[in-house]
Every structure is written in structure tokens, then in C-alpha cells.
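Below is one structure, written out as C-alpha cells; the observations come after it.
Laboratory data are not the source of any read-out in this text; all were calculated from the coordinates shown. Note that the structure is a prediction, hence the values are computed from the model and not measured. So basically every Cβ, Gly included, is an ideal-geometry build from the backbone, and we count neighbours across all protein chains shown.
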Amino acid sequence: MDAPRYRWVVLAVGTAAQAATAAYFLGLAAVTPALRAYFDLDLAGVGLLIGAISVGLVTTLIPWGGAADRFGERWVMTIGLLGSALALAATAFVADPLVAGGLLMLAGASGASVNAASGRAVMTWFPARSRGLAMAVRQTSVPLGAALAAVALPAIAASGGGAGGIPKVFATLALTTLAAAVAVAVAIREPPDAPVRLARPVSRAREVLTDRRLQRLSLAGLLPVVPQFLGSVFLVEILHEGPITEGGTLSLATAGALLALTQVLGAAGRLGNGVWSDRVGSRLRPLRIVAVAVAVGFASAALLQPGPVWLLAAVLVPAAALAISWNGLVFTAAGELAPPGRAATAMAVSNTANYVAAAATPVVGGLLAQLAGWPAVLALGAVAALAALLTLRRLAEPVTARPTTTAAGPAQRDTGNATSHVGP
């Protein structure tokens with residue numbers, strides 16, 4: 001298969017691998033009652049158990065990114081997915097919650113390889129003019145994998161008589177991750193015009209961590225996570241709780257359906273933003289416009305309380321969907337701003353900032369709701385979006401094609417660099 005066609009195979013496999021990891025990163029939340037019963041945990045305990053996955057992920061994203069830059073994404077992803085599969089399979093035979101938590105932390109640490117490396121695969125195979133769409137497709141894998149797990153895992157848990165089905169849940173996740181590892185090992189490869197890899201990285205991770213532009217971009221990416229997670233975590237509570245609305249509240253089922261609609265619209269928005277950024281030749285311009293729209297939406301929702309619940313829903317659902325839609329823009333820009341040969345490291349740094357914000361936002365939002373009410377929570381989302389807009393001011397657009405000169409000859413394209421233009 002020729003390169004222009006094969007790049008879509010790489011994208012499909014990378015997206016499937018990311019969806020497989022999202023199935024346990026996010027999907028285990030769908031079986032928390034069964035997890036509580038199986039491991040004899042309270043609500044706080046099951047939160048810590050699932051949170052162990054994120055702890056492992058955050059601590060290893062940057063090292064995995066550096067490994068992908070040096071050794072390539074194929075074996076980095078394969079090794080990481082195999083580690084996740086082994087950890088999840090071992091969890092199926094464990095009844096002690098502490099041991100299970102340690103294994104899930106290992107699964108998160110191993111699965112972080114996919115977060116770091118699959119983005120690099122997209123960057124090296126796709127030219128700048130279609131890279132935004134390709135990265136957006138990859139980014140939809142997270143809500144897609146989580147949604148599929150939310151449908152499948154409760155049924156698998158129930159097949160074993162409630163809590164008795166938990167070993168089957170972990171076995172299923174292990175098999176899914178193993179299948180992804182095999183697919184990556186078989187299908188992921190370097191572009192045909194990739195230059196020979198250097199024995200050492202072109203630049204060190206320190207260059208990424210100290211790059212002022214990447215620091216500002218990471219901060220600008222961290223801030224929209226606040227409205228994203230405020231909307232995703234608390235939308236049902238806001239629409240169902242009731243004291244802040246007039247004319248009655250929504251049922252739990254209706255509020256839950258609106259949350260599902262928000263996720264679907266957010267995934268569609270990621271694709272739309274990717275196409276938009278390709279057409280205008282800019283990642284940051286669409287990001288600035290989305291930040292303004294999110295700020296307006298969350299501020300309007302805050303001002304509508306108290307008010308008719310359906311009017312609140314009509315404003316908050318699209319605002320929350322917009323707050324989900326921006327990730328691919330930041331992720332792509334991070335890779336394109338990276339120093340030569342450090343695309344995966346740059347994207348891993350950006351992703352790490354996002355996960356830190358994702359972990360902190362629900363806690364801060366819950367405390368603020370208790371102290372000042374839901375309007376203050378929504379106002380916080382608007383302020384964070386505006387702060388992201390201010391952070392992006394005067395940040396130069398990434399250069400999407402930067403030739404490099406080597407001692408061996410004239411300028412050539414470095415496919416290990418996210419700024420490379422690979423393919424026709």
C-alpha cells in the first residue's frame with residue numbers, strides 16, 4: 001500500500017490503541033458499584049482505586065514521550081500496551097484493594113505510552129494541511145473508548161452476578177489492550193522517507209520544558225480543562241439538583257441523556273475544529289475563538305440562574321460541548337512548536353498539564369459549589385476560558401514545515417520532528 005493510503009491505517013490503529021486505553025482510564029467508572037462490592041470499598045475508596053490509573057499516567061507521560069522521540073512510536077506503544085495488558089490481567093486475580101490499586105497504577109503508567117506516542121505517529125505521517133483533521137480523529141478515541149466501555153462493562157460485570165463479574169471486566173480490558181498491542185506491532189511503522197534515526201535525541205527534554213512558547217501553550221491548554229471538567233462532571237447535578245432553577249428540574253435520566261449529548265457534540269466539535277484549523281492554516285486562531293465562545297456560554301449560564309431549567313440547559317449543553325472540543329488544537333500545536341526531534345515529548349508535556357488540571361478541577365468545583373453555589377462554579381469556567389485567551393495573546397503560530405540541515409547533506413525533512421511535512 002502506498003504512503004498516502006497507508007497513513008490512514010496508521011491513524012486507525014493509533015486511534016484504536018488510544019480507545020483501548022481510554023476503556024480502562026475512564027470506563028471503569030461505569031462499574032463503580034460492582035468494584036465497591038468486590039473490593040469492599042466506600043465511595044472515597046473506589047475513587048482512590050480508579051484514580052490510581054491517572055497517577056500512573058501523569059508520572060510517566062514525559063518519559064514515554066522522550067522514548068518515542070528516540071526509538072519511535074511502534075515499539076514504545078507495543079511495550080506499553082503489553083505492560084497494561086499484563087497489569088490488567090493480574091488485577092483479575094486480585095481481591096486486595098491495595099494490590100489492585102498498585103496494578104492499576106502500573107496499567108496507567110504503561111498505557112501512557114499510547115498517549116505520548118500515538119500523537120507522534122500522526123504528526124510524522126500527515127502533512128500540515130490535513131494534520132488537524134487527523135489529530136482530531138485521534139482525539140475522538142478517548143470519548144469513543146470511554147463510551148463503548150460504559151456500555152459493555154456493566155453488562156460484563158452483571159454476567160458474573162454483580163460483583164462476581166469484576167474479574168471478567170479486568171480480563172476483558174486485558175484482552176482488548178493485548179489486541180491493540182498486536183495491531184500496533186503489525187501496522188505502525190515509520191514513513192518511507194524517514195531519515196535514519198540518530199543514536200541520541202536531537203534535543204533533550206529540557207529544551208521542551210524550558211521553551212517559553214511551549215510553556216505558554218501548556219498553560220493555555222491547562223486552563224480550558226477547567227470549564228471542560230466543570231461541565232462534564234457537574235452538568236447532571238446542576239440540571240437535576242433544582243434549587244437554582246425555576247419551573248421544576250430535569251429528571252436524572254433526562255439530565256444524563258443531555259450529558260451524553262454533550263459528549264457526542266464535543267467529539268463532533270473536535271473533528272470540526274480539526275478541519276477548520278487545516279483550512280485556515282492555523283491552530284491558535286480557532287483555539288482563541290473557541291475560548292471566547294466557552295467564556296460567553298459559561299458566563300451566560302451563570303447569569304441565567306435562577307431561571308427556567310430548559311433555557312439553562314439550552315445554553316449550558318452547547319457551552320460544555322465547546323469546552324470539550326478544543327483538545328486537538330492544543331495537542332497539534334504542541335507538536336508543531338516542538339524543537340526538532342521532540343514532538344512526542346512536547347505533546348506529553350502538554351498532556352501532563354491537562355491531566356493535572358483534570359484531577360484538580362472536580363475537587364475545586366465541588367468545594368466552590370458548597371461555599372458559593374452553582375453560579376459561582378459556572379463563572380469559574382468562564383474566567384478560566386478568558387484566562388486561556390489572554391495566555392494565547394501574541395503567541396506565534398507554529399511553523400508547520402521546518403527543514404533541517406545535517407552534516408551529511410543539504411536540508412531534508414526530519415520525520416521525527418512534529419513540524420515535518422511528511423508525504424505529498
Cβ-based charge dipole, region 3-188, positive-most Cα from Ala34, Gly165, Leu88: Leu88
Most to least packed among 224-232, 50-58 [average Cβ atoms within 10 Å]: 224-232, 50-58
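Please work out how much length the chain gains when fully extended from Arg393 to Ala376, using 0.36 nm per residue of separation minus the C-alpha to C-alpha distance, in nm with one decimal. Before the final figure, lay out each step's value.
Working: separation 17, 0.36 × 17 = 6.12 nm, distance 2.60 nm.
Gain in length upon complete extension: 3.5 nm.
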Among 75-81, 360-366, the order from most to least packed when residues are scored by Cβ within 10 Å on average: 75-81, 360-366
Sorted by Cβ neighbour density within 10 Å, fewest at the top, the residues Leu106, Leu329, Leu209: Leu209, Leu106, Leu329
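If each residue of separation counts as 0.36 nm, what is the full-extension length gain between Asp40 and Val383 once their alpha-carbon separation is subtracted?
Values: separation 343, 0.36 × 343 = 123.48 nm, distance 4.03 nm.
Full extension of this stretch gives 119.4 nm more.
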Calculated on alpha-carbon atoms, Rg and Dmax of region 3-188 in Å: 16.4, 52
Pairwise label distance in nanometres, Tyr6 with Val363, each label 7 Å out on the Cα-Cβ vector: 4.7
For region 207-391: span of alpha carbons on each principal axis (Å, largest first): 58, 34, 26
